[in-house]
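Enquirer: Handing you this structure, nothing more for now.
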Amino acid sequence: MERIALKKLAAWKVSSGRKPLVLRGARQTGKTWLMKEFGRLHFESAAYFNFDEEERLESIFEANKDPLRIIELLGHLRGKKISSSGDLIILDEIQECPAALNSLKYFCEAASDYHVVSAGSLLGTMLAQPKSFPVGKVNLLDVRPMLFDEFLQAVDAALYGYYSSIERGRKIEAIFHQKLLEAYGQYLIIGGMPECVSTWAQTRDPANVQRAQGELVSLYEYDFSKHSGKVNAGRILLVFRSIAPQLAKDSGKFMYGHVKGGARAREFEESIEWLASAGLVIRTFNLARPEHPLGAFEQRSHFKLYLLDVGLLKQMAGVASEAILLKSDYLFKGALTENFVLQQVRDEYDHAPCYYAQPGKGEIDFLVQDGLDVIPIEVKSGENKRAASFKNYLDKRMPKKAIRFSKLEYEINSRFTNIPLYLAGRARELT
């Protein structure tokens, strides 16, 4: 499977300010595969070391701080000298060895000609604790579930070819519009977790995908007790399991009382921070004012929590695959669609998506920042054009750009751009 992150890794290799690279992301998002595939494609060989599999590997890093000595010892362990020009050094599951994580700063300072890439589950939670992370001495790359275009390339290369040819303002022929909508429906069921995409590509059996999704959710919940550290694992689990019910509410706003009766923010704030740092949830904040810069107007106590992957959200909510395939109406359709859109656009703009909800004034699903412009986004799960809040926002604020995602055809008009949901990840270039 092709991953967009491979292009980012290739750019890192030749960058002038290159530092040791740390891949962050939730478990099973494809970090190990990416590092090995990067080594295969762009180096003579890869020197792969896994702290979770190789006993006493940590002793090399605990006894030495000189990166050249560490490289020499790793070469002996590998049985072949490691070169700075032809080899990629891969340190996998590095969170199991704090000394190795700390050694990256020495690689940055004294062995910058070597190419070192590392990864591990829950590294984001360690980044939130500066004492245990070489801040400023590493480059960071977030690895997320596969986006829709990566999914499409993996399961239908011919249709992906057409998808890639779509240009700004170009009409999308009806036959391809329908085929892409069908592929979008498949993505809602399968999601972007690499194991699930691979299972679908090989078997085309939703039951097999559902089984894999259930195992992933169980694996994440197991991690709460194993890796939560000082944060209460039980509270993390309660927050995690409340995400689908929270999104099912009309507002979708996160309410502590819906996690546990009588709960207060102070009881669960650490749990939410842990889940966000681990990359398992996506948090969007309400805005006091929908103006540039968005970060200055975030209301940090008013937010929504979405899941890292729409397929896993479908699994946790218990949405039947048949409901999506048969295009039936079900109450959770809007939440799934919002989660999908958020996944596709979150890295496309200058600021993480927010939303705007004021009492008695309706709600704008998302707002993103593009330079000085604040772009309102309306998300429709079908072909329904009614959107009073969106219309009122456009009338009052007259933004330079506005986007409506729906199942309707691609159209640019004087008020906004209607973008089919399957093109959400290309919204910036198509508006």
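The values are calculated or read from the model by the stated rules, or taken from the named source; none is laboratory data. Everything quoted here is computed from the prediction, not taken from an experiment. Please note: Cβ atoms are built from the backbone with ideal geometry, for glycine as well, and neighbour counts cover all protein chains shown.
Enquirer: Does Lys333 count as among the basic types (Lys, Arg), touching a residue at least 24 places away in the same chain (Cβ under 8 Å) and closer than 21 Å to Tyr184 by Cβ? Talk me through it step by step, then tell me what you get.
Expert: Working: among the basic types (Lys, Arg): yes; touching a residue at least 24 places away in the same chain (Cβ under 8 Å): yes; closer than 21 Å to Tyr184 by Cβ: yes.
For Lys333, the condition - among the basic types (Lys, Arg), touching a residue at least 24 places away in the same chain (Cβ under 8 Å) and closer than 21 Å to Tyr184 by Cβ - is met.
Enquirer: Turning to a different aspect of this structure: Suppose the filter is among the β-branched types (Val, Ile, Thr), out of contact with any helix residue (DSSP H, G or I) (no Cβ under 8 Å at 6 or more places or on another chain), part of a helix (DSSP H, G or I) and modelled with pLDDT of 95 or more; does Ile60 pass it?
Expert: Working: among the β-branched types (Val, Ile, Thr): yes; out of contact with any helix residue (DSSP H, G or I) (no Cβ under 8 Å at 6 or more places or on another chain): no; part of a helix (DSSP H, G or I): yes; modelled with pLDDT of 95 or more: yes.
No.
Enquirer: Can you tell me which residue is farthest from the chain's Cα centre (by Cα) among those in segment 226-256 that are among the hydroxyl-bearing types (Ser, Thr, Tyr) and under 18 Å from Ala317 (Cα atoms)?
Expert: Taking segment 226-256 and keeping what is among the hydroxyl-bearing types (Ser, Thr, Tyr), we get 228, 242, 251, 256.
After this cut, where a residue has to be under 18 Å from Ala317 (Cα atoms) as well, the list is 242, 251.
Details: Ser242: 19, Ser251: 23 Å.
Checked segment 226-256; the qualifying residue farthest from the chain's Cα centre (by Cα) is Ser251.
Enquirer: Checking Leu326 against (1) over 20 Å from Leu287 (Cβ atoms); (2) of a type in the set (A, V, I, L, M, F, W, C); (3) modelled with pLDDT of 95 or more; (4) surrounded by fewer than 19 Cβ atoms within 10 Å (Cβ to Cβ), which test does it fail?
Expert: Leu326 satisfies all of (1) over 20 Å from Leu287 (Cβ atoms); (2) of a type in the set (A, V, I, L, M, F, W, C); (3) modelled with pLDDT of 95 or more; (4) surrounded by fewer than 19 Cβ atoms within 10 Å (Cβ to Cβ) except (3).
Enquirer: Quick one: in segment 329-371, of everything that is touching a Pro at 6+ places or on another chain (Cβ under 8 Å) and among the polar types (S, T, N, Q), which residue is surrounded by the most Cβ atoms within 10 Å (Cβ to Cβ)?
Expert: If we take residues in segment 329-371 being touching a Pro at 6+ places or on another chain (Cβ under 8 Å) and among the polar types (S, T, N, Q), then Gln343 is surrounded by the most Cβ atoms within 10 Å (Cβ to Cβ).
Enquirer: Continuing with this model, one more query. Please state which of the following conditions Lys137 fails to meet, knowing it meets all the rest: (1) closer than 30 Å to Leu23 by Cα; (2) outside the structural domain of Trp12 (by TED's automatic domain parsing).
Expert: The one condition Lys137 does not meet is (2).
Enquirer: Can you tell me which residue in segment 205-221 is surrounded by the most Cβ atoms within 10 Å (Cβ to Cβ), limited to those that are over 19 Å from Arg144 (Cβ atoms) and modelled with pLDDT of 95 or more? Quick ask: steps written out before the conclusion?
Expert: Within segment 205-221, the first condition is being over 19 Å from Arg144 (Cβ atoms), and the residues that meet it are 205-208, 210-211, 214-215, 218, 221.
Keeping just the survivors that are modelled with pLDDT of 95 or more gives 208, 210-211, 214-215, 218, 221.
On the way: Asn208: 14, Gln210: 19, Arg211: 14, Gly214: 13, Glu215: 13, Ser218: 10, Glu221: 14.
The extreme case among them is Gln210.
Enquirer: Something else about it: Would you pick out the residues in segment 194-224 that are assigned to a helix (DSSP H, G or I), without any contact (Cβ under 8 Å) to a residue 24 or more places away in the chain and over 15 Å from Glu270 (Cβ atoms)?
Expert: The first filter runs over segment 194-224 and keeps only residues assigned to a helix (DSSP H, G or I), leaving 194-203, 206-224.
After this cut, where a residue has to be without any contact (Cβ under 8 Å) to a residue 24 or more places away in the chain as well, the list is 199, 202-203, 207-208, 211-212, 215, 218, 221-222, 224.
Listed by number, the residues that qualify are Thr199, Gln202, Thr203, Ala207, Asn208, Arg211, Ala212, Glu215, Ser218, Glu221, Tyr222.
Enquirer: With the structure loaded, tell me whether Leu91 is free of Cβ contacts under 8 Å to residues at least 40 places away in the same chain and under 26 Å from Glu195 (Cα atoms) or whether it fails that test. Give the steps one after another, and end with the answer.
Expert: Numbers: free of Cβ contacts under 8 Å to residues at least 40 places away in the same chain: no; under 26 Å from Glu195 (Cα atoms): yes.
It is false that Leu91 is free of Cβ contacts under 8 Å to residues at least 40 places away in the same chain and under 26 Å from Glu195 (Cα atoms).
Enquirer: Here's another thing I want to ask about it. Checking Leu74 against (1) out of contact with any Pro (no Cβ under 8 Å at 6 or more places or on another chain); (2) touching a residue at least 40 places away in the same chain (Cβ under 8 Å); (3) crowded, with 16+ Cβ neighbours inside 10 Å, only one condition comes out false. Which one?
Expert: With respect to (1) out of contact with any Pro (no Cβ under 8 Å at 6 or more places or on another chain); (2) touching a residue at least 40 places away in the same chain (Cβ under 8 Å); (3) crowded, with 16+ Cβ neighbours inside 10 Å, Leu74 is out only on (2).
Enquirer: Tell me, please, whether a residue that is part of a loop (DSSP other than H, G, I, E, B) and of a type outside the set (A, V, I, L, M, F, W, C) can be found in segment 370-380.
Expert: Step one: list which residues in segment 370-380 are part of a loop (DSSP other than H, G, I, E, B), which gives 371-372, 380.
Narrowing further to those that are of a type outside the set (A, V, I, L, M, F, W, C): 371, 380.
Yes, there is a match, as at least one residue in segment 370-380 is part of a loop (DSSP other than H, G, I, E, B) and of a type outside the set (A, V, I, L, M, F, W, C).
Enquirer: Moving on to the next point. If you take the residues of segment 316-340 that are of a type in the set (Gly, Ala, Ser) and assigned to a helix (DSSP H, G or I), which of them is farthest from Ala183 (Cα to Cα)? Talk me through it step by step, then tell me what you get.
Expert: From segment 316-340, those of a type in the set (Gly, Ala, Ser) are 317-318, 320-321, 323, 328, 334-335; that's our starting set.
If we keep only those that are assigned to a helix (DSSP H, G or I) too, we end up with 317, 321, 323, 334-335.
Details: Ala317: 21, Ser321: 13, Ala323: 15, Gly334: 18, Ala335: 19 Å.
The residue in question is Ala317.
Enquirer: Sticking with this structure for a sec: Can you give me the number of residues within segment 225-241 that are at pLDDT below 95, in a helix (DSSP H, G or I) and either surrounded by 13 or more Cβ atoms within 10 Å (Cβ to Cβ) or not assigned by TED's automatic domain parsing to the domain that holds Gly279 (or both)?
Expert: Residues flagged as at pLDDT below 95, in a helix (DSSP H, G or I) and either surrounded by 13 or more Cβ atoms within 10 Å (Cβ to Cβ) or not assigned by TED's automatic domain parsing to the domain that holds Gly279 (or both) within segment 225-241 amount to 1.
Enquirer: Could you figure out which of (1) within 23 Å of the chain's Cα centre (by Cα); (2) buried (at least 17 other Cβ atoms within 10 Å of the Cβ); (3) not in a helix (DSSP H, G or I) isn't true of Gly124?
Expert: (3)
Enquirer: Under the condition of being aliphatic (A, V, I, L, M) and assigned to a loop (DSSP other than H, G, I, E, B), which residue from segment 262-315 is farthest from the chain's Cα centre (by Cα)? Full working, then the answer.
Expert: Here is the first cut: in segment 262-315, the ones aliphatic (A, V, I, L, M) are 263, 265, 272, 275-276, 278, 280-282, 287-288, 294, 296, 305, 307-308, 310, 312-313.
Those still in the list that are assigned to a loop (DSSP other than H, G, I, E, B) too: 263, 278, 280, 288, 308.
On the way: Ala263: 29, Ala278: 11, Leu280: 8, Ala288: 26, Leu308: 6 Å.
Taking the candidates together, the pick is Ala263.
Enquirer: Which of the following residues is within 28 Å of Ile272 (Cα to Cα), more than 19 Å from the chain's Cα centre (by Cα), of a type in the set (S, T, N, Q) and not assigned by TED's automatic domain parsing to the domain that holds Pro98: Gln210, Gln178, Gln202?
Expert: Values: Gln178 fails: within 28 Å of Ile272 (Cα to Cα); Gln202 fails: within 28 Å of Ile272 (Cα to Cα).
Of the residues listed, the single one that is within 28 Å of Ile272 (Cα to Cα), more than 19 Å from the chain's Cα centre (by Cα), of a type in the set (S, T, N, Q) and not assigned by TED's automatic domain parsing to the domain that holds Pro98 is Gln210.
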